[in-house]
Amino acid sequence: MLAHLWPIPCAGCGSEGKLRLCLDCHPSEAESFEAPEMVAEAWAAAQYGDPIGKAVLSSKGRGDRALAIAIAEAVAAPLSAVVGSVDAVVPVPSPWTRRIVRGFALPSVLAEPLAAKLTVPVHHRALVAHRGPRQAGLNAHRRKQALAGRIRSPLPVSGTILLVDDVTTTGATASACARELLGAGAERIVFAVACVTPQDADA
Ligand SMILES: [Zn+2]
């Protein structure tokens, strides 16, 4: 790992140091939240407004891959400690047009260290998303309608699947993904997210 020669601000709290995300901003434990429809259990490493939440928004806004990797490493430990036994990790898909704009898909980046800790594979292509209308501004019902038709599970899956996303607000995306995975052969869906936001935040 390259050492920085000058202090850099932590993306979570702004304090200057050598890490993109200082150790004080690493979440110590994950908490369960109300599972979206079709999902058995849901776990979040952080809440909206927490340092991790700020770092997630910053990495997405700036297309900051190094920060995305730092976030993934920070949330893998608390999430892997609570999700129990799973057979594979599947990231929530991003439409490829948005992935190109950002240079990476944060759920896919989050999936890697989490799967490594759980010693299970990541199935990056178990779900695909076609381009659809932007979600911001849509209410929960409209989001669900917009998403349900554009997330597809093109490959067979089995067992317990750990679905991973960066941020969840209404859980509508997770429900649409879970429905597809169950339809493709999964027995049970557990959902892990870096940051859960209140419904009115619309992050
Ligand atoms: Zn910090």
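Only the coordinates and a few stated rules stand behind these numbers; no lab work does. All values derive from a computational prediction rather than experimental measurement. For neighbour counting, all protein chains shown are included, and Cβ atoms are generated from backbone atoms with ideal geometry for every residue, glycine included.
Each of Ile189, Ile69 was scored by other Cβ atoms within 10 Å of its Cβ. Listed from fewest to most, they are Ile69, Ile189. Report note on the peptides 179-185, 59-65: ranked by the mean count of other C-beta atoms within 10 Å, highest first, their order is 179-185, 59-65. With K and R counted +1 and D and E -1, the other residues having a Cβ less than 14 Å from that of Ala55 yield a net charge of 0.
Relative to the current alpha-carbon distance between Asp24 and Ile8, full extension at 0.36 nm per residue lengthens the span by 4.3 nm. Taking 0.36 nm per residue of separation and subtracting the Cα-Cα distance, full extension of the segment from Thr119 to Ala66 would add 16.8 nm.
Label separation (His130 vs Glu16): 5.2 nm, computed from points 7 Å beyond Cα along the C-beta direction.
Label point of Val82 set 7 angstrom out along Cα-Cβ; within segment 19-57, amide nitrogens under 12 Å from it belong to 27-35, 41-47. Taking Cβ atoms as reference points and 14 Å as the exclusive limit, the residues near Val75 contribute a net charge of -4, counting Lys and Arg as +1 and Asp and Glu as -1.
Counting neighbouring beta carbons within 10 Å and listing from fewest to most, the residues Arg150, Arg20 come out as Arg150, Arg20.
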